[in-house]
Amino acid sequence: MIGIIDYGMGNLYSLSKALERLGYTYEFVSRPERLKEYTGLILPGVGAFGDAIANIRELGLVEGIRDYAASGRPILGICLGMQLLFDKSEEHGEHQGLSLLAGEVVRFQGEYKVPHMGWNQLEIKGNGARKLPLLDGVQTGDYVYFVHSYHVRVKAKDILLATTDYYQDVTAIAGQGNVYGMQFHPEKSGDTGMRLLRNFAVQCEGGLA
């Protein structure tokens, strides 16, 4: 069963309905001692980074999420949830993240519309990413749906699995080992998003990445 972490700032309804359409069972979880019960975790998120990480700390979930990731079972961050997986964010001050992936969250800077909102194409990075089970059946040129004003600047290129073009290369999918993040909303991204969620859920069935 997949655990969807509920810390008060996630888009829980559309995500849970997407998992139901795929035929996978899930539970909402907000108690750290229960995280270990699941074969996979999803960390969703909508809103500001500082508020989100404060809620996660208040619920005592920080170490529980880190311990879960260290167990080797798959964990997926979505939108703000992906950003929380990284080291820090500059959104309304500097805030420390979960440090499961190396990088920082920065605001879009330029003479263009912010937030970045709408459908954009993925570019899968490198042969290694193309072979990952998470990206099975997903190709460069596939469209997914973004809504964000901040984006992740990864520290090491080898965790960059896919980018999109929004006046620059923007991290769309990142991952290392059993920890993955998607800046876009797969649950709102049509067939490509559903394929990505299914690929993640298949990994969760085995309990290991």
Go through region 127-183 residue by residue and tally those that are among the small types (Gly, Ala, Ser) and open to solvent by 20 Å² or more (accessible area, probe 1.4 Å).
6
Can you tell me which residue among 124, 42 is of a type in the set (A, V, I, L, M) and surrounded by 23 or more Cβ atoms within 10 Å (Cβ to Cβ)?
42
Kindly provide the set of residues from region 107-137 that are aliphatic (A, V, I, L, M) and either more than 27 Å from residue 47 (Cβ to Cβ) or touching a Gly at 6+ places or on another chain (Cβ under 9 Å) (or both), ordered by number.
122, 124, 129, 132, 134, 135
Scan (1) among the hydrophobic types (A, V, I, L, M, F, W, C); (2) in a strand (DSSP E or B); (3) more than 17 Å from residue 183 (Cα to Cα) for the single condition residue 54 breaks and write down its number.
(2)
Determine the pairs where a residue that is open to solvent by less than 20 Å² (accessible area, probe 1.4 Å) and in a helix (DSSP H, G or I), located within region 187-209, has a partner that is modelled with pLDDT of 95 or more and among the polar types (S, T, N, Q) with Cβ atoms under 7 Å apart, the partner being 6 or more residues away or on another chain.
204/39
Among what's in region 82-103 and is farther than 13 Å from residue 181 by Cα and assigned to a strand (DSSP E or B), pick the residue that is least open to solvent (accessible area, probe 1.4 Å).
89
For the structure I just gave you, tell me whether residue 78 is crowded, with 16+ Cβ neighbours inside 10 Å, farther than 18 Å from residue 102 by Cβ, at pLDDT 95 or above and of a type in the set (A, V, I, L, M).
yes
Could you tell me which numbered condition residue 72 fails, if it satisfies all but one of (1) in contact with a Leu (Cβ under 7 Å, 6 or more places away or on another chain); (2) within 22 Å of residue 12 (Cβ to Cβ); (3) in a loop (DSSP other than H, G, I, E, B)?
(2)
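The values are calculated or read from the model by the stated rules, or taken from the named source; none is laboratory data. Quick caveat, the model's predicted, so the values are computed rather than measured. Glycine gets a Cβ as well: all are built from the backbone with ideal geometry, and neighbour counts include every protein chain shown. Protein only, heavy atoms only, side chains kept; ligands, DNA and RNA dropped before computing areas. Shrake-Rupley method; radii C 1.70, N 1.55, O 1.52, S 1.80 Å.
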